[in-house]
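First comes the structure, then the notes that go with it.
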Amino acid sequence: MSLIPEVKCRRCGESFSSMRSRCPNCGTRRVSQSGRTPAATPGTVRGTEAYERAAVNTKWQLIFGLILVVAVILAVIVMVSTGLNGADTPAAKATPTPAAESAAPTPPPAPTPTPTPPPTVEKVSIRYYETVKEDFSIKVDEVVPLNALVTPTDISDKVTWSVDSDNEQYVQITVDPEDGNKCEVKCISKIPAGGITLYAELFGVKAQCQIYAAAG
């Protein structure tokens, strides 16, 4: 065994004696290894200011790291709880707004028509042909034609013919379909002794005629 150690060429890898300064194969100069120990940095030496600052920095880095981890955990918890609450709560139904109603303008209200006042009736009279009748007599099954004269004569509305409700069984009133101011009164039952009253009324103005039972 050789007592002289060998080294390898850093270029070609050929082994040669450490006594040589160059590789016999490629001629590359051998680089001798430094035997010096590197000096320690100030931050690794206890008691120095650099060491104290490095310790303080390391402490604050740990604190900030813990704060960041706690913040991330809290954020995750809040997000999970919010998602669960949102899943449990039913979504509110949106009330649709009809597009036509929202877009169409509101029409102005129709004007209220002014009611036409009724004509002023001065007088109503009951007549038998051309004679004003305030009373007459009638027998059972007899028919008496009557007409109403309204003053002023230019009023086109027609009178209403009637008798008291408790006397309707005695007479039958038939109004002329072509002229409501004319009617026929037929006796269907004997008129009582006190007679009954026939009315012709228009717009609150009333004429009346007394009907009696004819003798015989």
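Take the residues in region 163-185 that are among the hydroxyl-bearing types (Ser, Thr, Tyr) and over 56 Å from the mean Cα position of the chain (by Cα); name whichever of them is most open to solvent (accessible area, probe 1.4 Å).
For region 163-185, the residue satisfying everything is THR174.
Looking only at region 128-137, filter to residues that are surrounded by 11 or more Cβ atoms within 10 Å (Cβ to Cβ) and without any contact (Cβ under 8 Å) to a residue 24 or more places away in the chain; which one of those is nearest to CYS187 (Cα to Cα)?
Filtering region 128-137 for residues that are surrounded by 11 or more Cβ atoms within 10 Å (Cβ to Cβ) and without any contact (Cβ under 8 Å) to a residue 24 or more places away in the chain, the one nearest to CYS187 (Cα to Cα) comes out as TYR128.
I need the full set of residues from region 186-216 which are hydroxyl-bearing (Ser, Thr, Tyr) and either crowded, with 19+ Cβ neighbours inside 10 Å or assigned to a strand (DSSP E or B) (or both), in order please.
THR197, TYR199, TYR212
Based on this model, can you work out whether VAL124 counts as at pLDDT 80 or above, out of contact with any helix residue (DSSP H, G or I) (no Cβ under 9 Å at 6 or more places or on another chain), open to solvent by less than 100 Å² (accessible area, probe 1.4 Å) and farther than 30 Å from PRO152 by Cα?
Here the answer is no, as VAL124 does not meet what is asked.
Limited to region 138-162, what total is found for residues that are free of Cβ contacts under 8 Å to residues at least 40 places away in the same chain, surrounded by 13 or more Cβ atoms within 10 Å (Cβ to Cβ) and either in a loop (DSSP other than H, G, I, E, B) or under 60 Å from the mean Cα position of the chain (by Cα) (or both)?
Final tally of qualifying residues: 2.
The values are calculated or read from the model by the stated rules, or taken from the named source; none is laboratory data. Being a predicted model, the structure only gives us computed values, none of them experimental. In this analysis, Cβ positions are derived from the backbone assuming ideal geometry, glycine residues included, and neighbour counts consider all displayed protein chains. With ligands, DNA and RNA removed, areas are computed over all heavy atoms of the protein, side chains included. Shrake-Rupley method; radii C 1.70, N 1.55, O 1.52, S 1.80 Å.
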